[in-house]
Amino acid sequence: MNLVAPSLLAADFLNLENEINKINNTKADWLHLDIMDGNFVNNITFGPDLVKQLRKHTNLLFDVHLMLMEPNRYFKDFVKAGAEMITFHYESYQNNEQRFQAIELIKSLKCQVGIAINPKTSVKVLEPFYLEVNMFLIMSVEPGFGGQKFMPKMLEKIETLVKVQSKYNYLIQMDGGINNKNIQLIKNSGVNVIVAGSYLFNGNMSEKINEIKE
Ligand code: DX5
Ligand code: ZN
């Protein structure tokens with residue numbers, strides 16, 4: 001069965017408490033929190049202070065997706081704020097030594113760790129990390145904004161990860177442009193954690209999540 005992680009990016013930020021309560025009343029498994037710094041991506045979202053406040057209103061696992069130029073500066077703050085999974089971008093670093101360091105840093109904070117790749121990044125670069133991380137996030141849109149069009153070609157990356165998954169302990173997550181038109185394809189591909197923003201927040205979230213989890 002798939003885990004479902006609504007992306008808060010699509011929520012009404014003037015009504016966050018209601019939005020969180022709405023998510024709490026569904027079968028959502030995780031809360032996906034998109035952190036953008038205006039550098040790694042053009043958009044700017046929110047930081048650890050908001051995450052800390054959200055922590056008081058839900059028991060959902062906090063799945064923090066960092067789209068930052070210098071992610072290491074913020075690991076501690078997000079874990080303190082309640083992050084239970086921190087996913088950094090492969091593209092935020094220059095080499096694997098730096099990436100392994102980042103993994104160790106997150107693990108030392110007793111937090112689970114994931115690596116995300118942009119659509120243009122080959123899935124092959126993830127191989128050295130198969131044993132090291134809890135999750136791989138395959139972006140199915142360019143990171144930065146909600147409501148973009150799903151890139152079906154990204155499912156080939158899922159296929160590569162699924163092939164060897166049984167030898168390791170990682171989860172596979174997909175994020176971007178997921179809706180009722182492509183959900184069946186994504187479920188069939190073997191993705192474990194489905195992130196969706198605009199699709200889940202427009203209409204009856206509870207029904208949509210039940211359908212995904214069927
Ligand atoms: C994009 C974010 C996504 C975004 C998905 O950079 O990582 O999590 O919220 O939104 P939708 O589902 O609307 O594409
Ligand atoms: Zn995301």
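The values are calculated or read from the model by the stated rules, or taken from the named source; none is laboratory data. Keep in mind that what you see is a predicted model, and the values were worked out from it rather than measured. Positions of Cβ are generated from backbone atoms using ideal geometry, with glycine treated the same way; all protein chains shown enter the neighbour counts. The area values use the complete protein model at the heavy-atom level, side chains included, leaving out ligands, DNA and RNA. Shrake-Rupley method; radii C 1.70, N 1.55, O 1.52, S 1.80 Å.
Filtering segment 115-155 to residues that are under 18 Å from LEU185 (Cβ atoms) and either part of a helix (DSSP H, G or I) or in contact (Cβ under 8 Å) with a residue 60 or more places away in the chain (or both) leaves VAL123, LEU137, PRO152, LYS153, MET154, LEU155. For segment 175-199, which positions are open to solvent by 10 Å² or more (accessible area, probe 1.4 Å), touching a helix residue (DSSP H, G or I) at 6+ places or on another chain (Cβ under 9 Å), under 19 Å from ALA10 (Cβ atoms) and not in a loop (DSSP other than H, G, I, E, B)? Passing the criteria: ILE183, SER198, TYR199.
Among the residues examined, ILE172 does not qualify as within 10 Å of ligand 1 (Cβ to nearest atom), open to solvent by less than 20 Å² (accessible area, probe 1.4 Å), more than 24 Å from MET69 (Cβ to Cβ) and under 13 Å from the mean Cα position of the chain (by Cα). Does segment 152-169 contain at least one residue that is closer than 26 Å to THR58 by Cβ and either touching a helix residue (DSSP H, G or I) at 6+ places or on another chain (Cβ under 7 Å) or hydroxyl-bearing (Ser, Thr, Tyr) (or both)? There is no residue in segment 152-169 that is closer than 26 Å to THR58 by Cβ and either touching a helix residue (DSSP H, G or I) at 6+ places or on another chain (Cβ under 7 Å) or hydroxyl-bearing (Ser, Thr, Tyr) (or both). Of all the listed residues (ILE20, ILE86, ILE106), the sole one being in contact with a helix residue (DSSP H, G or I) (Cβ under 6 Å, 6 or more places away or on another chain), β-branched (Val, Ile, Thr), at pLDDT 95 or above and part of a helix (DSSP H, G or I) is ILE106. For beta carbons closer than 9 Å, sequence separation of 6+ or different chains, a first residue in segment 16-29 that is over 19 Å from ASN192 (Cα atoms) and a second that is of a type in the set (Val, Ile, Thr) and part of a loop (DSSP other than H, G, I, E, B), the qualifying pairs are ILE20/THR58; ASN21/THR58; ILE23/THR58; ASN24/THR58. In this structure, LEU61 does not satisfy being under 18 Å from the mean Cα position of the chain (by Cα), free of Cβ contacts under 8 Å to residues at least 60 places away in the same chain and either open to solvent by less than 30 Å² (accessible area, probe 1.4 Å) or over 26 Å from ASN202 (Cβ atoms) (or both).
Across segment 187-203, the qualifying residues are those that are more than 15 Å from ligand 2 (Cβ to nearest atom) and not polar (S, T, N, Q), and the one among them that is nearest to PRO128 (Cα to Cα) is GLY190.
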